[in-house]
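Where a number appears in this text, it was derived from the coordinates with a stated rule and is not lab data. The model shown is predicted, which means the values in this text are computed figures rather than measured ones. Glycine also receives a Cβ, built like all others from the backbone with ideal geometry; neighbour counts cover every protein chain displayed.
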C-alpha cells in the first residue's frame, strides 16, 4: 500500500466560528450514547476498532448533512501531545456519517477511505470535538464512490480542520480481503476481461499468473505479525517464500561457466510454434531482433510486441534495418508487419529478389511495398465495424507507436487509427502549420469515414492538430461527437515575470537553504554544457543519421507551428485527460509552474478557448499515462467518455428529428426487435 500528498505551509485566515446549535437544529434524527458508553457505527460489522476509536458520543442527521460530538477517552489524553491529527478522532470524525449514503442502511458493503482532495489544518485536534459532514453530491449505496465535505471544530465551534472532497470506496464481495476473485477484481477490473485476453503480453500474463499464486491471507497475517514482533529496524523484509533459496537460484547463472555480460533471455512461451529463419533477410532480421530485444531463438512469426518491444527499441530497430538494407520505413510499419516474416517481406519488396538472395522455397517474389497512407495508421482494426472509429493524433514527434496499448484498450470492437507526422520517413518535409497538417490528415481520414459524427483525440502536442481538425470539419458542416486531448497544453506558455522569478528563487532558498547556491551553479553548468553539446553535435548517439535528423526536423517544425497558431473558439465539449498537476513553485493559488518552468492550470488553460472543458485526472505523468500500467485506467476512462459523448449525440439527433420521422424510426426499430424475437423463439 502507498499514499501520497502535497504539503504546503500557507498563511490563511482563521474561518469564522461554526454555529453548531443551528446545524443541530436542522438535524432532528439524534442518537446519543449511554452515559458511560459510546455509539457504534455499522462499519464495525466489518472492522474491529481498538479502544482509542471509542470516541463517538452523539450523532444527529438532517437532509444531506450530519453532525457528531466526539470525545477521546481520558486514558489516551497523552496521545494529543504526539499527534496533531489524532488518528482515531480523525477517522471517526470523517467516517461516522455513513447513513448519509442513500440506501446504506439496507446494504451490507464495507466502505473504505480513498482520498482527500484538500485538508486545511488550523489547529491540532482536541480531546472533545464536533464534526459537521455534508454530502458533496448524490451518494448512493449502489455507487462505487461517495464523497463528503467535513468541518471539525472544538466545542465552541472554532474550526480546527476543513476537509474538501473526502472520498470513500465501496468494496464488493469479490474485493473482500482474501476473496477468490481478489486478483480478477482488483483495480484492473476497469478493463474488461475480453480486453485483457487480447492485449496482455506474455510478460503480463506471467505476472498475473504469479499474482494469482502469490501470498495468501494467512501468510500475509503471519508476515505482518513477524514485522510487529521483530526489532525496530529501519528496513524490514518479511516474505512467505524461502528467500535464501531464491537468492541461491538467482546466483546460479552468474556463477555458471556460460554467464557473460549481455546474456540474453530464453524465448518465452508464445502461442505460435517456433519457425527458424529461411533466407538471408530473415536471418539478418532475427540477429538484429535478438540483439535489441535480448531474447534468444526468435522465430520468424514471433511478434515484436509480444517479445517486449516498444517504441524506444523500434527506433533502433529501423535505424539498423536502414543501415543493413538501405530501406527507410516508419516505425508504424510494425502495426502491419509485427513479425520477422512480414517485415522481411516488406524489405524484399523494396530491394528486389536479387539483392535479397534466396527466399522461402515455393513462395513467389513479393510485389514492391506501396504504403497506402502517409499519415493514417490502423493501430487496431476492431472486431467488426459496429462502432465508429477513434482517430488519435500522435504527439510532437509524430510517432504513434507509444499509443499502441491505448488503441487496444479503447475497445475490442472499435477501430482505432493513429495519425502520424509527415517527415517520419522519406524525404518529405514536416508540416509547417497545424492547419496544413489537419487538412492532410482529414484527406486520408475521409477515405475511411467520409462523413461524421467523428471521434477525434490527440496526445500531447497532437491535441493541437486534433483541435484544428475539429474546426475544419465543423466549417465543412460535419459533426464531431467527441474531441479528446491527452494532456495537451496551449501552444504557447505564459512567460515568467520578474516578480515571478524573485518569488521562485525565494522559495528555492527557503527550501534548499545552504544548498541553494551550489544547486544553482551546478544547474547552470549543466545547462551551458547541454547547449555546447548541441552546438557541437555531441548529442547525436544511436540511432544516428536519418532517424535523429527526422525527429529534430519534426520537433523544430512543431515548435514553429506553435508560435503562429491561434486556437479558435470552440463551443462544444473538450475532454481533457491529464495526470495530477505537479507544481514546483506556487506564486498564487491559480498561478503555479512545474519543473520545466511552464505555467500549469487545472484545465491546461483551455477554458480561454473552449466553452466546456471536462477534466479527467489519470495516473502517471505526461509520458507514462499512455504506457503500462497507467494506460489501463486511461483506456477505461476514455471508453466511458466516448460512450457518454456518443449517447449525447444520439439524443441530440433524435431531438432534432421531425415527429413523423421519429415515429417511423421507432416503429421500424420495434418491428426489427419483434422479428428478432420471433427468430429466437423459432430457433
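The orientation-averaged projection of the convex hull spanning the C-alpha atoms of segment 562-656 amounts to 8.1 square nanometres. Counting only Cα atoms, segment 1-43 measures 41, 36, 20 Å along its principal axes, largest extent leading.
With contacts taken as Cα pairs under 8 Å at a separation of at least 6 residues, segment 20-175 carries a relative contact order of 21 percent.
The peptide list 24-36, 156-168, put in order of mean Cβ contacts within 10 Å with the highest first, becomes 156-168, 24-36. Based on every Cα atom in segment 381-467, Rg and the maximum pairwise Cα distance Dmax equal 12.9, 38 Å. For residue 518 and residue 226, the FRET efficiency from 1/(1 + (r/R0)^6), where r spans their Cβ atoms and R0 equals 45 Å, is about 0.55.
For segment 22-127, the pair-distance distribution built from all alpha carbon pairs, in bins 10 Å wide starting at 0, is 12, 42, 38, 7, 0 percent. Full extension of the chain between residue 511 and residue 312 yields a length gain of 68.0 nm, computed as 0.36 nm times the residue separation minus the alpha carbon distance.
Assuming R0 = 35 Å, can you tell me the calculated FRET efficiency for the pair residue 472 and residue 492, based on Cβ-Cβ distance, to the nearest 0.05?
Values: r = 21 Å, r/R0 = 0.61.
Rounded to the nearest 0.05, the efficiency is 0.95.
Per the Debye formula with a single identical scatterer at each Cα and no solvent contribution, what log10 I(q)/I(0) holds for segment 431-491 at q = 0.17 Å⁻¹? Results for segment 431-491 at q = 0.17 Å⁻¹ read -0.51.
So how do 278-286, 514-522, 466-474 stack up, highest first, on mean other-Cβ count within 10 Å? Let's see the in-between values first.
On the way: 278-286: 19.8, 514-522: 11.1, 466-474: 21.6.
Final packing ranking: 466-474, 278-286, 514-522.
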